[in-house]
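Q: This is the structure I want to talk about, given as structure tokens.
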Amino acid sequence: MKKGDICIVKLDVGAGREQFGERPAILISDTKTKVAVVIPLTANIEALRFSHVLIILPDKKNNLKQESVALVFHIRAVDKSRIVKIIGKIDLKSQKRIDKTLKEMLGL
């Protein structure tokens, strides 16, 4: 697994507006432990109204089936056993936008 991979993850039931269920996510970090850091994706385009989100358009490299919103503000650590499979990879331009958004959001 590498940074920028798009994977299908199983997220536990969350509370409130937390993302849950089996969904695509962008891998941000594959740690040396049994934990990976991911950004969940949603097909709900209305999520673009929030700050710290980015649109990801489907293409042959990422293998997404529809326009998706990367919910950067929902970044989370997951046990690697929750990663079902890798389906694609985001393009370099999208990865740079995600990195920039993460830095802005975290005040780095």
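Q: Normalized C-alpha radius of gyration of segment 5-106, against 2.2 N^0.38 Å? Mind dumping the intermediate values first?
A: On the way: Rg = 12.6 Å, N = 102, 2.2 N^0.38 = 12.8 Å.
Relative to the rule-of-thumb radius for its length, segment 5-106 sits at 0.99.
Q: Hey, another quick one. When ASP30, ASP12, ASP5, ASP79 are ordered from fewest to most other Cβ atoms inside 10 Å of their Cβ, what list results?
A: Numbers: ASP30 16, ASP12 9, ASP5 20, ASP79 12.
The most exposed by this proxy come first: ASP12, ASP79, ASP30, ASP5.
Every read-out reported here was derived from the displayed coordinates using simple, explicitly stated rules and does not represent laboratory data. This is a predicted model, so every value here is computed, not measured. As a convention, Cβ positions derive from the backbone with ideal geometry for all residues, glycine included, and neighbour counts pool all protein chains shown.
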